[in-house]
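The values are calculated or read from the model by the stated rules, or taken from the named source; none is laboratory data. Model, not experiment: these values are computed from the prediction. With ligands, DNA and RNA removed, areas are computed over all heavy atoms of the protein, side chains included. Shrake-Rupley method; radii C 1.70, N 1.55, O 1.52, S 1.80 Å.
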Amino acid sequence: MTNHLTEFMKLNLPKLEEELYSLVERISAPAQLKESMLYSLKAGGKRIRPLFVLAVCEMFHNKQQEAFTIGAAVEMIHTYSLIHDDLPSMDDDELRRGKPTNHVVYGEALATLAGDALNSLSFGVLARMQAVNPEKRVELINLLSVAAGAEGMVGGQVLDIDGESRQLNLSELEKVHRNKTGALLRFSIESGAVLSDATDSERKALVEYADHIGLAFQIQDDILDIVGTSEELGKTAGKDLESHKSTYPALLSLDGAKEKLENHYNQAIRTLQSIERDTTLLEELAEYIIKRSS
């Protein structure tokens, strides 16, 4: 990781986490529900999605506090999806980010409700951003609804479950991951563009960049499931192989998946070259994603 990205993360991650936790701590809700929500939010993670929001805003020299609120909202959605993914009715996993999963600690019912609460809260915090004009707030809420719901992440999860019963082809697999993984990353990047008043051409290039980054992110996840350990990953390694899931290494071989990963990374970087701004942070985040070990 470069010094530039390291400094960016060192400066912004504490502010992001302060915003994320305070948004939950301030709500009026049963104590055990808030405890369960905060347990998963505080379990760790690289906060890649919020970092993309902040990096896009940085590219436009946009220092609005609302960038942290949007980052917190997307992290809530991501965390809720992980809580639900780990449930016995889904992936049935007992380890997440190196800690017992939420339902192992709090039981299935409370874990499910904690995920539900994080999901709905994310839209509320966007709606309450008084410093952002109403038109932008509505646009951001709509974008997140599409990214997180049936047309995005949840739809992708359904396609992923459907794919467990058969071998998907490459086109089908990419559709799964454009929705399941890529949609929230796309929202993170596009929301920074909305908040920063990007031009149509800048926004189009950022969405294209996001598409390649979303696929690269998932390909690296699939590779790490094979080459990583549970200790390195913070979750059960080899789970995809064990459940015979369709993955890029299964479809293309490990070397083929690595080649595909490099291809999407290169296309993402080329897309940024059409933007007449300093895209260094987005380039470094792309490299961070394809070289991460967990």
* Read phi for every residue in segment 18-30 and hand back ³J(HN,Hα) as whole Hz from Karplus 6.51 cos²θ - 1.76 cosθ + 1.60, θ = phi - 60°, with x for Gly and Pro. => 4, 5, 4, 5, 5, 4, 7, 5, 7, 6, 8, 7, x
* Cα centroid separation, segment 137-194 to segment 12-50 (Å) -> 23
* To do: Run the accessible area of segment 3-291 with a 1.4 Å probe and give the carbon-and-sulfur part as a rounded percent.
  => 50
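Would you work out the Kirkwood radius for segment 3-291? I mean one over the mean of 1/r across all pairs of different Cα atoms, in Å.
Values: mean 1/r = 0.0518 Å⁻¹.
Across segment 3-291, the inverse of the average 1/r is 19.3 Å.
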* Asked: So who's got an amide H within less than 5 Å of the one on residue 95, skipping anything under 5 residues away but keeping other chains? H placed 1.01 Å off N, in plane.
  -> 101, 236
* To do: Send over a whole-number figure in Å² for the accessible area per residue of the chain, probe 1.4 Å.
  => 44
* Structure fact -> Fraction of alpha-carbon pairs in segment 254-294 farther than 17 Å apart, rounded to whole percent, equals 34
* Asked: If you plug each phi of segment 73-88 into the Karplus form 6.51 cos²θ - 1.76 cosθ + 1.60 with θ = phi - 60°, what whole-Hz ³J(HN,Hα) values come out, in order, with x for Gly and Pro?
  -> 4, 5, 5, 4, 4, 4, 5, 4, 5, 5, 4, 6, 4, 7, 4, x
